[in-house]
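For reference, the structure discussed in these notes is given below.
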Amino acid sequence: MTKSLIVFFLFFSGQLVAQNPVSDKSIREPIDRLFLGMARGDSAMVHSCFAAQVTMATISKGKSGQPSIRYESGITDFLKAVGTPRAESLNETIWDLKVNVDGDFAQAWANYALFIGKQFSHCGVDAFHLVRGTDGQWRIFHLADTRQKEGCNIPDDIKKRFK
């Protein structure tokens, strides 16, 4: 009888999990939309990817070679930069995306390269923290990145897109 209850419980609990799946695709959607909005210079599209309150941070090397962190307590300046007309589009591409989820909280970590038009600008890692809203949509509430110009291992298929 005990074995039957355990098998029943394992089967039933698996069914409960399957009824509310979280896919990497649903978490990746606002990230991909962010990059599409950047490429189009569409600040409204970019804004739609974020929660009402957002923090951002960039980690890079300062002039002395020491780690430097620049904090942003919102996305206003970022949205202005994206929406400012420019001759070349902002093309950010990610690879090796890793996603972790706990309920309505998700973390996505990926390598990236940023090209302005077809010109390489920099690379690094993007770390997104996302929350699932009451509408079921994932939104970014924290974005941190690293930036470097050298030591980038950009996959060949990405390099070819920007030659």
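Total Lys pairs in the range 22-161 closer than 20 Å by alpha-carbon, pairs eight or more apart in sequence or interchain only? If you can, show how the numbers build up before the last one.
Working: K25/K98; K61/K149; K63/K149; K118/K149; K118/K159; K118/K160; K149/K159; K149/K160.
So the count of such lysine pairs works out to 8.
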Under the Karplus curve 6.51 cos²θ - 1.76 cosθ + 1.60, θ = phi - 60°, whole-Hz ³J(HN,Hα) for the range 46-57, x wherever Gly or Pro sits: 4, 4, 5, 7, 10, 6, 5, 10, 9, 10, 9, 8
Among Q137, A39, S64 the positive-end extreme of the charge dipole of the chain (Cβ point charges): S64
Most to least packed among 40-50, 146-156 [average Cβ atoms within 10 Å]: 40-50, 146-156
Protection-proxy order for peptides 71-82, 106-117, each taking the mean of Cβ atoms within 10 Å per residue, highest first: 106-117, 71-82
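Could you list T134, T58 so that the one with the fewest beta carbons within 10 Å of its beta carbon is first and the one with the most is last? Each step should come with its number before you reach the end.
Values: T134 6, T58 15.
Going from sparsest to densest Cβ surroundings: T134, T58.
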Furthest towards positive pole of dipole, F162, V54, F105, structure part the chain, Cβ charges: F162
5 angstrom amide H check on G41, placed H, neighbours 5+ away: L90
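If you wrap a convex hull around the alpha carbons of the chain, what volume per residue comes out, as a whole number of Å³?
Values: hull volume 26.7 nm³, N = 163.
Normalising the Cα hull of the chain by residue number yields 164 Å³.
Using Cα pairs closer than 8 Å and at least 6 residues apart in sequence, work out the relative contact order for the chain, in percent.
Relative CO of the chain lands at 21 percent.
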The range 22-161 - charge dipole about Cα centre, Lys and Arg +1 at Cβ, Asp and Glu -1, debye rounded to 20: 460 debye
C-alpha center-to-center spacing [the range 32-101, the range 142-163] in angstrom: 14 Å
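Since every read-out is calculated from the coordinates, none of them should be taken as a lab result. The shown structure was predicted, so the numbers you read here are calculated from the model rather than taken from an experiment. We place every Cβ from the backbone using ideal geometry, glycine too, and count neighbours over all the protein chains shown.
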